[in-house]
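The values are calculated or read from the model by the stated rules, or taken from the named source; none is laboratory data. Bear in mind the structure is a predicted one, so any value in this text is a computation, not a measurement. Cβ placement follows ideal geometry from the backbone for every residue including glycine, while neighbour counts extend to all protein chains displayed. The protein model used for the area step is the full one, side chains on, heavy atoms only, and it has no ligands, DNA or RNA in it. Shrake-Rupley method; radii C 1.70, N 1.55, O 1.52, S 1.80 Å.
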Amino acid sequence: MPQTDHDRAIALAGTLQAADLVRSIARRGQANPEEVDTCLNSLLKIDAASSIEIYGDIRQLRSGLQLLEKQLGNPSDMELTRYAIALLGLERKLSQRTDLLKAIGISLEEIVQNLPHFPINHSNTIARFADIYLKNISTLSPRIMVNGVQVHLNNPENANRIRALLLAGVRAATLWRQSGGTRLTLLLRRNPLLRETRVLLANIP
């Protein structure tokens, strides 16, 4: 995977988009279905040649890029920052667990094989993604605590969508690490990342 600010900006945008969708479901019980599909589809793009190929098209990440521009320019959304940092931290721990990575890979292959019967946004597929998160990522600490309205959090379908999107957030965090992203990168390359984010947004029709 190329290690450029272009790739790192896309990775962070993917992380923030997934985190914001999690928050939306937790608070309101709903989220933009197209943005959800973008995040879920990224889970099945294992061997993509480029970062944007993972998300299909830069337009699919408009929301994430807008959030990233705000966070890099004037980071006032501390809840979103907390989710993003937690996802990046969990991914770092996951990257050291070859047993979990192997189990996740096998489960994702099974989902791919079942796509003709259960498309990406089918409740069965979302439940499978959620199960991957529960059995593998939830075993790592610290676990991500999702804040929201209890009636939405207690809804089984919402719980599955939240876990599936957290898994997509970890996928984006993997892309961040593969493109050379570290905690230090966020500090040292904040302005270049902001410039690249604005270029990406300007290129969206």
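Listing for the model above:
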{"quantity": "Qualifying residue in the range 33-53 (condition: among the hydroxyl-bearing types (Ser, Thr, Tyr), within 25 Å of residue 159 (Cβ to Cβ) and touching a Leu at 6+ places or on another chain (Cβ under 8 Å))", "calculated": "yes"}
{"quantity": "Flag for residue 88 being more than 15 Å from residue 44 (Cβ to Cβ), surrounded by fewer than 18 Cβ atoms within 10 Å (Cβ to Cβ) and modelled with pLDDT of 95 or more", "calculated": "no"}
{"quantity": "Candidates 123, 107, 141, filtered to the one that is at pLDDT below 95 and either within 28 Å of residue 78 (Cα to Cα) or touching a helix residue (DSSP H, G or I) at 6+ places or on another chain (Cβ under 9 Å) (or both)", "calculated": "141"}
{"quantity": "Selected residue (only one of 23, 8, 59 is surrounded by fewer than 14 Cβ atoms within 10 Å (Cβ to Cβ), assigned to a helix (DSSP H, G or I) and touching a residue at least 40 places away in the same chain (Cβ under 8 Å))", "calculated": "59"}
{"quantity": "Which listed residue is within 29 Å of residue 5 (Cβ to Cβ), in contact (Cβ under 8 Å) with a residue 60 or more places away in the chain and not hydrophobic (A, V, I, L, M, F, W, C), from 174, 182", "calculated": "174"}
{"quantity": "Unmet criterion (only one of (1) loosely packed, with under 15 Cβ neighbours inside 10 Å; (2) under 24 Å from residue 5 (Cβ atoms); (3) among the aliphatic types (A, V, I, L, M); (4) in contact (Cβ under 8 Å) with a residue 40 or more places away in the chain) for residue 112", "calculated": "(2)"}
{"quantity": "Residue ID - modelled with the lowest pLDDT, chosen from residues in the range 179-191 that are in a helix (DSSP H, G or I) and either buried (at least 17 other Cβ atoms within 10 Å of the Cβ) or in contact with a Lys or Arg (Cβ under 9 Å, 6 or more places away or on another chain) (or both)", "calculated": "186"}
{"quantity": "Verdict on residue 200 being more than 30 Å from residue 134 (Cβ to Cβ), open to solvent by less than 20 Å² (accessible area, probe 1.4 Å) and out of contact with any Phe, Trp or Tyr (no Cβ under 6 Å at 6 or more places or on another chain)", "calculated": "yes"}
{"quantity": "Residue in the range 40-55 that is outside any loop (DSSP other than H, G, I, E, B) and under 14 Å from residue 193 (Cβ atoms) present", "calculated": "yes"}
